[in-house]
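Notes follow the structure.
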Amino acid sequence: MEYYSSISKSYEGLHGEEQLKKLEIIAMHIKPKTMMLDIGAGTGISTRFFGIDSVALEPSFEMLKQHKGKKVAGKAEALPFKDKTFSTIISVTALHHTGIEKAISEIKRVSKPGCIYAFTVLKKAKNAESIRRLLKESFRLKEIEEDKDYILVSS
């Protein structure tokens, strides 16, 4: 988390274009519904991209300072929301930083019936294959090809 805090002001310059490319791919396959939760939201690129009522969840206060929309400091393993709150849950290149089993349990808890999901997992993360497998086992997802990430979206 220290790394993200240290680059918070330059994050979008460093990673924004890459994140937008992934979001464009995701947008070709799903249409998010309000209320959307963006897990590991960083500076809020995903919430701005989709332009729907959303909450950005991010553990780094410095990253959250860069986001102008609704935001909550927190982690995927302990989502600070009521059961069945969200109709869409997205996480772009963040889940490899979590305890994935607990994060999946929490995602299920805060999902409304028929929730739409979109997750990307950094291919070079040491736990990428197990995260990918667990996400596919836990949610009905299809996989989309992309260079740096596994992209998994509701099918």
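No value in this document is a laboratory result; all are computed from the given coordinates. All of these numbers come straight from a predicted model, not from anything done at the bench. Virtual Cβ from ideal backbone geometry, glycine too; neighbours counted across all protein chains shown.
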Would you mind telling me which residue in K65, K75, K126 has the biggest mean-square fluctuation in a Gaussian network model of the chain, where springs connect alpha carbons within a distance under 10 angstrom?
K126
At I52 and N127, where each label point lies 7 Å from the Cα along Cα→Cβ, what is the point-to-point distance in nanometres?
2.8
For F49, F119, which order do you get if you count the other beta carbons within 10 Å of each Cβ and list the fewest first?
F49, F119
For the chain, modelled as a GNM with alpha-carbon contacts under 10 angstrom, which of I90, I144, I39 fluctuates the most?
I144
Here is the link list: K112/K148; K68/K102; K65/K108; K84/K126; K33/K142. Which ones come out longer than 21 Å on Cα distance?
K112/K148; K68/K102; K65/K108; K84/K126
Going by how many other beta carbons lie within 10 Å of each one, how would you line up E24, E143, fewest first?
E24, E143
One quarter of the C-alpha convex hull surface, i.e. the mean projected area of segment 2-154 in nm², amounts to 7.9
The chain, relative contact order in percent, only Cα pairs under 8 angstrom and at least six apart counted:
20
Taking 0.36 nm per residue of separation and subtracting the Cα-Cα distance, what length does fully extending R140 through K84 add?
18.4 nm
Calculated P(r) tail over 14 Å for segment 12-90, as whole % of Cα pairs
59
Of the residues S87, S130, S54, which exhibits the maximal mean-square fluctuation in a Gaussian network model of the chain defined by a 10 Å Cα contact cut-off?
S130
